[in-house]
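A short write-up of the structure that comes next.
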Amino acid sequence: MKIFKLKEELKSYLNSQDKDKITSFVPTMGALHDGHLSLILNAKKNSDLVICSIFVNPTQFNNLKDLEEYPRTPNRDIKALSDINCDVVYLPEISDLYRTNEKVKQYQYNGLDTYMEGKGRPGHFDGVATIIEKLFMIVRPNKAYFGQKDLQQLQIIKHITKQLNFETEIVGVSTKRESSGLAMSSRNKRLSSSDLEKATLIYKTLLFIKENAYKNSVKELKETCIQKFNEEPEIHLEYLEIVSLDNLHPIDMYKHNGCNAACIAASISSVRLIDNIIF
């Protein structure tokens, strides 16, 4: 496994490779878990060369404390990637990707950012899109793999990839879960065992929505589920939305099967978790 810290060295290496090779890219912020590794393993099935980046992108954080506390485990990450035979790791410093005092770009998302993460975290997706554009310019992958756990991010990356005319196929991979059903996340490391148990309410609620959709109105189902969170004072519900998968806008009437999504953001002990289910 080759490790690069400088983009120019990585680009030089990639340029030296056979142009007929299918290259796949998995951008991460490190603190890798089985969810990240499942992206690498999926990529390996469908490509000749797999590149993983590890970079905690400062421009997508609205909360400085959250950025400071984001787990960083580079040595463990490198070993985990080596163990599953990832081909290339890009591990840059901020200065390799951003100029001093560089501002994020402004992007058009065609309304995909209007609700949920976009509403509660202004500027977040501009930070995400900025770093994805930078990384795609360096790697120029044939395919890029992202987890479905960040559903809104996944849909936005698909949109901007087309908008920026990148010839990269964006592949969404199903959310990897703990045995409890909790979506795997780097943030889970900051939760106590008691908090982890409480956090299972998120996935249980999503399953309840999937099982009871079409039996109740969207409004009734949302009210029932919000009440479940109101009964758990140690969990702060930021949002619970039932949306159309194509534009991520809240709906009043269900779409066809497979065209709806329920999305939740909630905090436990100041640790913010998100999850979703498509139905």
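Checking the conditions here, which among Lys2, Lys103 is modelled with pLDDT under 95 and either at positive phi or more than 20 Å from the chain's Cα centre (by Cα) (or both)? After ruling out the rest, the residue left standing is Lys103.
For Leu81, indicate whether it is of a type in the set (A, V, I, L, M) and at pLDDT below 95. Let's see the steps before the verdict.
On the way: of a type in the set (A, V, I, L, M): yes; at pLDDT below 95: no.
No.
Checking each residue in segment 98-112 for being exposed (fewer than 12 other Cβ atoms within 10 Å of the Cβ) and basic (Lys, Arg) picks out Arg99, Lys103.
For residues that are open to solvent by less than 30 Å² (accessible area, probe 1.4 Å) and polar (S, T, N, Q), tally how many sit in segment 16-66. Total satisfying the criteria: 8.
The requirement of being in a helix (DSSP H, G or I), open to solvent by 70 Å² or more (accessible area, probe 1.4 Å) and among the hydrophobic types (A, V, I, L, M, F, W, C) is fulfilled somewhere in segment 86-97, by at least one residue. Only residues that are at positive phi and either among the basic types (Lys, Arg) or under 19 Å from the mean Cα position of the chain (by Cα) (or both) were counted in segment 246-269, giving 1. A Cβ distance below 8 Å, combined with a sequence gap of six or more or placement on separate chains, defines the contacts here; from segment 217-241, residues that are among the basic types (Lys, Arg) reach residues that are modelled with pLDDT of 95 or more and assigned to a loop (DSSP other than H, G, I, E, B) in the pairs Lys219/Asp252.
Among the conditions (1) touching a residue at least 24 places away in the same chain (Cβ under 8 Å); (2) assigned to a helix (DSSP H, G or I); (3) farther than 20 Å from His36 by Cα; (4) not aromatic (Phe, Trp, Tyr), Gln152 misses just one, which is (3).
Here is a yes/no grid of residues against (1) farther than 19 Å from Val271 by Cα; (2) modelled with pLDDT of 95 or more; (3) β-branched (Val, Ile, Thr); (4) touching a Lys or Arg at 6+ places or on another chain (Cβ under 9 Å):
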| position | (1), (2), (3), (4) |
| --- | --- |
| Leu6 | yes, yes, no, no |
| Glu9 | yes, yes, no, no |
| Thr23 | yes, yes, yes, yes |
| Ser38 | yes, yes, no, yes |
| Lys44 | yes, yes, no, no |
| Phe55 | yes, yes, no, no |
| Asn62 | no, no, no, yes |
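Scanning segment 233-264 for residues that are acidic (Asp, Glu), part of a loop (DSSP other than H, G, I, E, B) and within 18 Å of Gln148 (Cα to Cα) yields one hit, Asp246. The residues on offer are Thr205, Thr200, and the sole one that is within 23 Å of the chain's Cα centre (by Cα) and either among the aromatic types (Phe, Trp, Tyr) or exposed (fewer than 14 other Cβ atoms within 10 Å of the Cβ) (or both) is Thr200.
When segment 241-279 is examined, which residues are found to be hydroxyl-bearing (Ser, Thr, Tyr) and open to solvent by 30 Å² or more (accessible area, probe 1.4 Å)? Outline the logic, then answer.
To start, the set of residues in segment 241-279 that are hydroxyl-bearing (Ser, Thr, Tyr) comprises 244, 254, 267, 269-270.
Across segment 241-279, the qualifying residues are Tyr254, Ser269, Ser270.
Can you report the number of residues in segment 208-232 which are part of a helix (DSSP H, G or I), open to solvent by 80 Å² or more (accessible area, probe 1.4 Å) and not basic (Lys, Arg)? Outline the logic, then answer.
Let us first name the residues in segment 208-232 that are part of a helix (DSSP H, G or I), namely 208-212, 218-230.
Those left that are additionally open to solvent by 80 Å² or more (accessible area, probe 1.4 Å): 210-211, 219-220, 223, 227, 230.
Next cut, not basic (Lys, Arg) only: 211, 220, 223, 227, 230.
Of the residues in segment 208-232, 5 are part of a helix (DSSP H, G or I), open to solvent by 80 Å² or more (accessible area, probe 1.4 Å) and not basic (Lys, Arg).
Only one of (1) open to solvent by 50 Å² or more (accessible area, probe 1.4 Å); (2) within 17 Å of Phe25 (Cβ to Cβ) fails for Glu133. Which number is that? Every listed condition holds for Glu133 apart from (1).
In this structure, does Glu197 turn out to be part of a helix (DSSP H, G or I) and without any contact (Cβ under 8 Å) to a residue 60 or more places away in the chain? Here the answer is yes, as Glu197 does meet what is asked.
The values are calculated or read from the model by the stated rules, or taken from the named source; none is laboratory data. Keep in mind it's a predicted model, so treat the numbers as computed, not measured. Every residue, glycine among them, receives a Cβ derived from its backbone with ideal geometry; neighbour counts consider all protein chains shown. Note: areas computed on protein heavy atoms with side chains; ligands, DNA, RNA excluded. Shrake-Rupley method; radii C 1.70, N 1.55, O 1.52, S 1.80 Å.
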